[in-house]
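Below: one structure, written as structure tokens.
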Amino acid sequence: MKKSKVLVVGGTGYLGKRLVKASLAEGHETYILNRAEIGVDIDKVQMLLSFKEQGAHLVSGSFTDHQSLVKAIKLVDVVICTISGVHIRSHQILLQLKLIDAIKEAGNVKRFLPSEFGTDPARMEDALEPGRVTFDDKMIVRKAIEDAQIPFTYISANCFAGYFLGGLCQPGKILPSRDSVVLLGDGNKKAIYVDEDDIAMYTIKTIDDPRTLNKTVYLRPSKNILSQREVVEIWEKLIGKELQKPSIPKEQFLASLKGLEYAEQVGLIHYYHVCYEGCLTNFEIGNDAVEASELYPEIKYTTVAEYMKRYL
Ligand code: NDP
């Protein structure tokens, strides 16, 4: 079967650049939206040029120029959007509505993968304010996709390893301490951690796969389903030392949000749902969804212990 041509929107981003690499590695003709607004951001421009050297095509376009998006989309079969959606960096999830309008007009797209890559927003109806904005916005995007009958795949990637493992599951930290760690509650709720390069590779595998058409794909590599305590134990083994482990009860954690900046509150609520409520693992994925490590057993994913060696 001929491999789909792919357009990555947000290709210079934290996840987006990995998707570009995975798409090229898997032999897809790969296009990257080169937004006019990048301007003189030298890091982004250099990154785009290096992708071009590796065989990607840069397509000029802007979210403020509908026809430029339509033109870019007409070049490909599959659109993957990795636009920003982390408030402490930038949150532009609803801009995707413009992309959806362009996909509708172009009429040629066989699959659209919106910027999801986290907790399944469809399961977060009861999420707390203000963190729920991420899930609400992602659901608005889903509705627009489904109303327009655009074929889709939603990737529920669970926890990016860099954020969660790096900080031993503590918000606001992305490097592990060798002395102490604050446990969120009893530290026993299970979460799921996935190396961002593996997220990109699983994502690319789904795009031409009929088994993932109009489905949510959960990334649940079995060895990486661990509690905060288990993550800490792995780190302790690697450094040969036990950490101090004070813990913060749920009520105190929620009270600590008061007075913080909005963006920080959003992030903390996400940690709350993952680490106190176990929102990533407290459900079976069901028959209308699929699991990536089962679909693609050939991918040798990075285990938590392997991932954490980089911090030694
Ligand atoms: P980034 O913050 O790295 O941003 C990605 C790209 O979005 C940018 O490089 C840029 O691409 C584009 N972008 C940013 N601002 C604008 C704008 N104003 N207009 C148009 N494009 C813009 O995103 P992440 O990689 O951190 O996030 C991608 C997805 O992953 C999101 O859905 C997010 O919610 C999710 N996520 C999940 C996590 C988890 O633990 N599960 C953790 C982090 C993110 P360019 O300039 O190239 O056009």
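The values are calculated or read from the model by the stated rules, or taken from the named source; none is laboratory data. Everything numeric here is computed off the predicted structure, so don't read it as measured data. For neighbour counting, all protein chains shown are included, and Cβ atoms are generated from backbone atoms with ideal geometry for every residue, glycine included. Heavy atoms of the whole protein, side chains included, go into the accessibility calculation; ligands, DNA and RNA do not. Shrake-Rupley method; radii C 1.70, N 1.55, O 1.52, S 1.80 Å.
Assorted remarks:
- Positions within the range 170-184 being assigned to a loop (DSSP other than H, G, I, E, B) and either surrounded by 18 or more Cβ atoms within 10 Å (Cβ to Cβ) or out of contact with any Phe, Trp or Tyr (no Cβ under 8 Å at 6 or more places or on another chain) (or both), in sequence order: Gln170, Pro171, Gly172, Lys173, Pro176, Ser177, Arg178, Asp179, Val181, Val182
- Considering only residues in the range 149-172 that are in contact (Cβ under 8 Å) with a residue 60 or more places away in the chain and of a type in the set (Val, Ile, Thr), the one that is nearest to the ligand (Cβ to nearest atom) turns out to be Ile155.
- Any chance Leu97 is closer than 30 Å to Gly286 by Cα and in a helix (DSSP H, G or I): yes
- Residue, nearest to the ligand (Cβ to nearest atom), within the range 92-114, restricted to residues that are touching a residue at least 60 places away in the same chain (Cβ under 8 Å) and open to solvent by 10 Å² or more (accessible area, probe 1.4 Å): Arg111
- Checking Gly286, Gly278 one by one, the residue that is at positive phi, modelled with pLDDT under 95 and within 23 Å of the chain's Cα centre (by Cα) is Gly286 and no other.
- The helices (runs of 4 or more DSSP H) located wholly in the range 194-304 that include 2 or more residues which are within 26 Å of Asp179 (Cα to Cα) occupy 228-239, 250-255, 262-271.
- Residues that are under 18 Å from Gly172 (Cβ atoms) and charged (D, E, K, R) were ranked within the range 224-279; the one that is most open to solvent (accessible area, probe 1.4 Å) is Lys258.
- Phe51 being touching a helix residue (DSSP H, G or I) at 6+ places or on another chain (Cβ under 9 Å), closer than 30 Å to Ala289 by Cα and of a type in the set (Phe, Trp, Tyr): no
- Residue list for the range 50-69, restricted to those being within 13 Å of the ligand (Cβ to nearest atom) and either open to solvent by 50 Å² or more (accessible area, probe 1.4 Å) or outside any helix (DSSP H, G or I) (or both): Ala56, Leu58, Val59, Ser60, Gly61, Ser62, Phe63, Thr64, Asp65
- From the options Tyr31, Tyr14, residue that is more than 10 Å from the ligand (Cβ to nearest atom) and of a type in the set (Phe, Trp, Tyr): Tyr31
- Exactly one residue among Leu24, Leu75 is more than 15 Å from the chain's Cα centre (by Cα) and touching a residue at least 60 places away in the same chain (Cβ under 8 Å), and that residue is Leu75.
- Lys3 satisfies every condition listed in (1) in a loop (DSSP other than H, G, I, E, B); (2) in contact (Cβ under 8 Å) with a residue 40 or more places away in the chain; (3) in contact with a helix residue (DSSP H, G or I) (Cβ under 9 Å, 6 or more places away or on another chain) except (3).
- Scan the range 1-26 for residues that are among the small types (Gly, Ala, Ser) and open to solvent by 60 Å² or more (accessible area, probe 1.4 Å) and the total you get is 1.
- One residue stands out in the range 27-43 among those that are assigned to a loop (DSSP other than H, G, I, E, B) and out of contact with any strand residue (DSSP E or B) (no Cβ under 8 Å at 6 or more places or on another chain): the one that is surrounded by the fewest Cβ atoms within 10 Å (Cβ to Cβ), namely Val40.
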